[in-house]
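First comes the structure, then the notes that go with it.
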Amino acid sequence: MRGRNQGKQRAARMTEFTIVGISGNLTRPSKTRALVGEILRQASSLVAARTELYDVIDAGPELGTTVQRAGAPAGPERIFSAIERADALVVASPVFKASYTGLFKHLFDLLDPKVLEGRPILVAATAGSDRHALVLEHQFRPLFAFFRASVLPIGIYAINADFEADGAPNKGLIEQIAPAAEQLVAALAGSARACEPGATIVRVA
Ligand SMILES: Cc1cc2nc3c(=O)[nH]c(=O)nc-3n(C[C@H](O)[C@H](O)[C@H](O)COP(=O)(O)O)c2cc1C
């Protein structure tokens, strides 16, 4: 009996982490969504973590007419709550007019300013050319600095040439993602949530 209880306690102490990917693409198929998917795939090969991936299309057309977090319709609500309970986030958007898409920003506009505090965040963008590569520095980083999130030093910026004809990240991009995924997992291991009693990081590779 005692042994069984101990086993239960051990099981209860194993905390699985959740890494949530948010992509600002407005259409599918999407290179941005594929990029986030590959980052999540690589991160979850390094640590025992559950991953979830949403784009703003998943929020449904109600996202645009939702003006406050409280009482949000089911589509946006699903994404808000995923962001709020994430242990770490991968946030990405296609570059539209030298910035993230409007709906990507709108999604984060409606969140409580304290909700991402200290959370490891990897930023990424896709674009038509190298011209707006600094978008990660002058758009993404200030937004998540506002939230006092822990934005990783590495970011991923990919252009059309970094994808195969079917829209999947090519070999070069996959290799570029590897150190970013490692940094994300290391940040997750060192984050406040990971240090909570009972939290267990398991390296699987
Ligand atoms: C409305 C619109 C605005 C865009 N603005 C830019 C831009 O300012 N700079 C750039 O490099 N690419 C721009 N692009 C190209 C997209 O960023 C690029 O095709 C992106 O990879 C698309 O991602 P997706 O496949 O996830 O939708 C724009 C595309 C659209 C449709």
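The values are calculated or read from the model by the stated rules, or taken from the named source; none is laboratory data. Predicted, not measured: the structure shown is a model, and the values here were computed from it. Reconstructed Cβ throughout: ideal geometry from the backbone, glycine too, with neighbour counts over all protein chains shown.
Structure notes:
- Residue list for region 22-48, restricted to those being assigned to a helix (DSSP H, G or I) and within 12 Å of the ligand (Cβ to nearest atom): 31, 32, 33, 34, 35, 36, 37
- Long-range neighbours under 8 Å by Cβ, at least six apart or interchain, first residue at pLDDT 95 or above within region 19-43, second near the ligand (Cβ under 9 Å from one of its atoms) and assigned to a helix (DSSP H, G or I): 23/32; 23/33; 23/35; 24/32; 25/31; 25/32; 25/33; 31/160
- Against the criterion of being modelled with pLDDT of 95 or more, surrounded by fewer than 14 Cβ atoms within 10 Å (Cβ to Cβ) and more than 23 Å from residue 183 (Cα to Cα), residue 145 does not qualify.
- Filter result (among the acidic types (Asp, Glu) and assigned to a loop (DSSP other than H, G, I, E, B)) within region 49-71: 58
For every residue, the table says whether it meets (1) surrounded by 15 or more Cβ atoms within 10 Å (Cβ to Cβ); (2) over 21 Å from residue 26 (Cβ atoms); (3) touching a Ser or Thr at 6+ places or on another chain (Cβ under 7 Å); (4) acidic (Asp, Glu).
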site	(1), (2), (3), (4)
60	yes, no, no, no
68	no, yes, no, no
72	yes, no, yes, no
99	yes, no, no, no
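- Test: residue in region 181-196 that is at pLDDT 95 or above, surrounded by fewer than 19 Cβ atoms within 10 Å (Cβ to Cβ) and not small (Gly, Ala, Ser): yes
- 1 or more residues more than 12 Å from the ligand (Cβ to nearest atom) and touching a residue at least 60 places away in the same chain (Cβ under 8 Å): qualifying helices (runs of 4 or more DSSP H) within region 74-173: 74-85, 102-109
- Selection of region 103-123 for residues being more than 25 Å from residue 26 (Cβ to Cβ) and either in contact with a Pro (Cβ under 9 Å, 6 or more places away or on another chain) or among the small types (Gly, Ala, Ser) (or both) yields only 118.
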